[in-house]
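What follows is a short report on a single structure.
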Amino acid sequence: MMTTILFGAFGLLAVVCALLVILHKNPVTSALFLVLTFCSLAGLYLLLQAEFLAMVQVIVYAGAIMVLFLFVIMYLNLDRDVDDGVPHALRRWVGWAIGLLLLVETAVLLWNRWGAGPEGPAAPVAVGNTSAVGQLLYTRYLFPFEVTSVLLLVAIIGAVMLGKGRTQPGPSGVPPQ
Amino acid sequence: MTLPAAVPLSWYLALSGALFTIGVIGVLVRRNALVIFMSIELMLNAANLAFVAFSRYLHSLDGQIFVFFVMTVAAAEVAIGLAIIVNVFRLKETVYVDEINLMKG
């Protein structure tokens with residue numbers, strides 16, 4: 001009963017904030033609503049007894065990744081906000097139409113399979129979630145875990161290379177050699 | 001209408017589908033590359049929610065491991081993607097995707 005109410009609250013918060021992310025004009029406000037979406041998703045993870053992922057969600061997503069987003073938004077200083085014009089309006093309507101089509105498709109798919117699958121959630125495990133995830137991560141998924149560290153190393157090198165910057169932009173937007 | 005004692009799996013999947021669709025609409029509708037990037041994050045999180053829900057209802061922790069990997073990939077993707085957006089801004093003085101048409105030919 002309590003979990004159902006909490007699910008409704010967190011789910012509603014997540015959907016409303018996600019809508020505000022894509023509808024708000026100001027990118028800074030969008031980013032802050034995205035933080036709220038991530039936090040409500042962390043609440044849903046707690047309801048699903050994924051405590052480790054809930055903490056990682058708050059620390060990594062809502063903390064680190066969104067700080068990076070806000071930093072770049074404020075660094076770029078986008079004061080010019082134009083979302084008008086006829087070609088853009090047409091493009092927007094086509095985007096909405098395709099998006100709503102996808103929504104209908106998802107709804108039909110879910111409607112046909114509603115209630116399929118397991119009835120209730122599994123019984124809570126005795127061992128802590130973090131410990132269980134760690135056990136699995138360092139045994140069966142050890143190799144993917146190591147590959148992930150290589151991926152992060154590549155990302156660091158790539159970000160440094162991209163962030164070094166070259167010179168001033170050319171007169172016609174052509175990169176200088 | 002009476003509320004069920006435990007939340008059914010279908011509810012989580014419906015929520016995940018709704019969030020994913022909102023992300024798709026954001027990518028299609030918005031012109032700001034940063035907001036498009038945020039919408040992509042939204043789609044990744046919708047997939048993560050489905051993973052965690054299935055992991056809980058199918059008595060298996062593997063889904064949570066996958067969410068861990070998805071988060072790692074998302075972190076790397078954000079670092080590289082934002083660096084690319086900053087470089088594009090240095091070059092073109094804009095982050096609006098329909099004004100970035102160097103490869104249009």
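What follows draws every value from the coordinates through simple rules; no lab data is involved. Treat the numbers as computed from the prediction; the structure is a model and nothing was measured. Please note: Cβ atoms are built from the backbone with ideal geometry, for glycine as well, and neighbour counts cover all protein chains shown.
Compare the peptides A:90-98, A:108-116 by average per-residue count of other Cβ atoms within 10 angstrom and give them in order, highest first.
Listed from highest to lowest mean packing, they are A:90-98, A:108-116.
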#### Entry: Estimated vicinal HN-Hα couplings, Hz - region B:38-46 in sequence order (Karplus 6.51, -1.76, 1.60; Gly, Pro = x)
4, 5, 5, 4, 4, 5, 4, 5, 4
### Query
Using θ = phi - 60° and the Karplus curve 6.51 cos²θ - 1.76 cosθ + 1.60, what whole-Hz ³J(HN,Hα) does each residue of region B:63-77 get, with Gly and Pro shown as x?
x, 5, 4, 5, 4, 4, 5, 4, 5, 4, 4, 5, 5, 4, 5
### Message
Output wanted: per-residue J couplings in Hz (rounded whole) for region A:50-57, from phi through Karplus 6.51 cos²θ - 1.76 cosθ + 1.60, θ = phi - 60°, x for Gly and Pro.
### Response
10, 5, 4, 5, 4, 5, 5, 4
### Task
Considering Cα pairs under 8 angstrom that are at least six residues apart, work out the relative contact order of region B:30-96 and quote it in whole percent.
40
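For chain B, what is the charge dipole size about the Cα centre, in debye to the nearest 20, if Lys and Arg each add +1 at the Cβ and Asp and Glu each add -1 at the Cβ? Can you show the working numbers first?
Values: 6 positive and 6 negative charges, 25 e Å.
Dipole magnitude for chain B comes out near 120 debye.
Just from its helices, what would the mean residue ellipticity at 222 nm be for chain B, if runs of 4 or more DSSP H residues each count -39500 (n - 2.57) and the sum is divided by every residue, rounded to the nearest 500 deg cm²/dmol? Can you show the working numbers first?
On the way: 3 runs with 77 residues, N = 105.
Result for chain B: -26000 deg cm²/dmol, rounded to the nearest 500.
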### Candidate lysines for bridging to A:K164, where Cα separation is under 26 Å - those fewer than 8 sequence places away on the same chain excluded
B:K92
### Query
What spacing in nm lies between the two simple spin-label points modelled at A:F143 and A:V104, each 7 Å away from Cα in the Cβ direction?
4.6
## Note on the structure
Here D for region B:30-96, in µm²/s, from Stokes-Einstein with a Kirkwood Rh over Cα pairs at 20 °C and 1.002 mPa s, works out to 160
